[in-house]
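The values are calculated or read from the model by the stated rules, or taken from the named source; none is laboratory data. Source: prediction; values computed, not measured. So basically every Cβ, Gly included, is an ideal-geometry build from the backbone, and we count neighbours across all protein chains shown. Note: accessible area is taken over every heavy atom of the protein model, side chains too, but ligands, DNA and RNA are not part of it. Shrake-Rupley method; radii C 1.70, N 1.55, O 1.52, S 1.80 Å.
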Amino acid sequence: MNRVVFIILFALILALNSCKTKVTPPTPPTPVNLITVKSQQVLYYDNFPATVQALSQVDLRPQVQGYITGIFFTEGTHVQKGQKLYEIDERLYQAAYDQAVANLKVAEGNQVQAQQDADRYTYLNSQDAVAKQLYDHAVIALQNAKNSVAAAQEAVNTAKTNFTYSIISAPFDGTIGFSQVKMGNMVSVGATILNTISTDNPMAVDFLINEAQLSHYQELSQSKSAIADSLFTIVLPDHSVYPYTGKISVIDRGVDPQTGTIRIRLEFPNPKYTLRAGMSCVVRVHNQEKTPQMVIPGKAVVEQMGEYFVFVVKDTLIITAADSARKEKDPSDSIPGPKYRAFQRKIQLGQTIDDKVVVKGGIEDGDQVVIDGVQALHEGSKVNVSKKQPGQMGGTGEAKQEDGKHGSK
């Protein structure tokens, strides 16, 4: 009997224990790192992919036909205006020129003879000592002789021009490319490309901007005031910054209706011939914003449905319904003091600078923004702030300029 009573009592105790409500332990505060927002001068660039272009470029084509008998330059080097580049077999053109000169001399001799006859018959005609017909024929013969001389002179000019065209010279200072013909090749008038030559100092750099930025670049182009030396710079394919600055040369005549972009051409000096036509680079347009701006690490920003938010931490006292009920039941019970809590703020983003972003609105100087642990936060989350000073955690948000390292999206 005692054994049965013991078993029953034990079962009742277990039943009573199982009916007790399990108390969920409170969620511990989320550890976070903070940054104290402070406005500062910010240096950044708008970056645009660009292509280096020659201001002038021409294909060299022969204007006379013949065989290549001379090549007088080194491929890929700088040549001077008027420098002899190619020679086409000139013997035929030399012979044609000599023949034209000889024909001119014959025509000039005939003109002298016709002039003497005309003078003689003119005198005789004045004395009525010759038939009128002979006089008329002498005058006509003189005029024909003069026309023959003029025609012979034009033939000489043509032969001389053809003879000159047998030598191809550089039309301007520039860099010449690979020769498309070799010694002994036959070339045809206008059909054969001998080579390509392009200007090399200065050089053009072309890039596209959105049509919404056009008015700003027109102001820069038309401004008569001195423009900052660092307004236009370029980053070369090896990620080095080109040591010379550029200026706006041309703004294209129209906007591309399909892309909504317009082409801008900058002009850069190229004394060492570093820039080559067709080279890709990045144009950096220095910002001209002079007012201090707020900068925070990009990892502090949370994107939700196309909008951007950050979590701001405040030392806040929040009295819950449970706290109020407990206080009414037991007036001696204390309500917890202020706690660090995170609150979501919608912000307006500005320029991106490496791993940082400029904030145009939504937060203020002095706000403490969470930069680590934002994934675990929600509105009003308790947070555990590191003992380090907020301004020392995750950086200060300063955006100092280092050539070639800072950019923008």
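Here the spin labels are modelled as points 7 Å beyond Cα on the Cα-Cβ line, and at ASP372 and ARG120 they lie 11.9 nm apart.
What a 1.4 Å probe finds exposed on the range 117-190 is 54% carbon and sulfur by accessible area, rounded to a whole percent. In terms of packing, defined here as the mean over residues of other Cβ atoms within 10 angstrom, the peptides 135-147, 303-315 line up highest first as 135-147, 303-315. Measuring against 23 Å, Cα to Cα, the residue pairs LYS247/LYS356; LYS84/LYS105; LYS160/LYS182; LYS38/LYS360 contain LYS247/LYS356; LYS84/LYS105; LYS160/LYS182 as the ones spanning a longer distance. Rounded to the nearest 20 debye, the dipole size of the range 131-280 about its Cα centre is 540 debye, using +1 on the Cβ of Lys and Arg and -1 on the Cβ of Asp and Glu.
Sorted by average packing, counted as other Cβ atoms within 10 angstrom per residue and highest first, what order do 209-219, 161-171 take?
161-171, 209-219
A Förster radius of 45 Å, combined with the Cβ-Cβ distance separating GLN348 from ARG253, puts the computed FRET efficiency at roughly 0.80.
Placing +1 on the Cβ of every Lys and Arg and -1 on the Cβ of every Asp and Glu, with no other charges, gives the range 121-189 a dipole of roughly 200 debye about its Cα centre. For the pair ASP98 and ASP46, the difference between a 0.36 nm per residue extended length and the Cα-Cα distance amounts to 12.2 nm.
Calculated FRET efficiency, LYS360 to SER56, Cβ-Cβ distance, R0 = 45 Å: about 0.55 to the nearest 0.05.
Here the contact order of the range 82-176, divided by its residue count and restricted to Cα pairs under 8 Å and six or more residues apart, works out to 56 percent. Entry comment: accessible area of the range 109-262 is 59 Å² per residue, from protein heavy atoms only and a probe of 1.4 Å.
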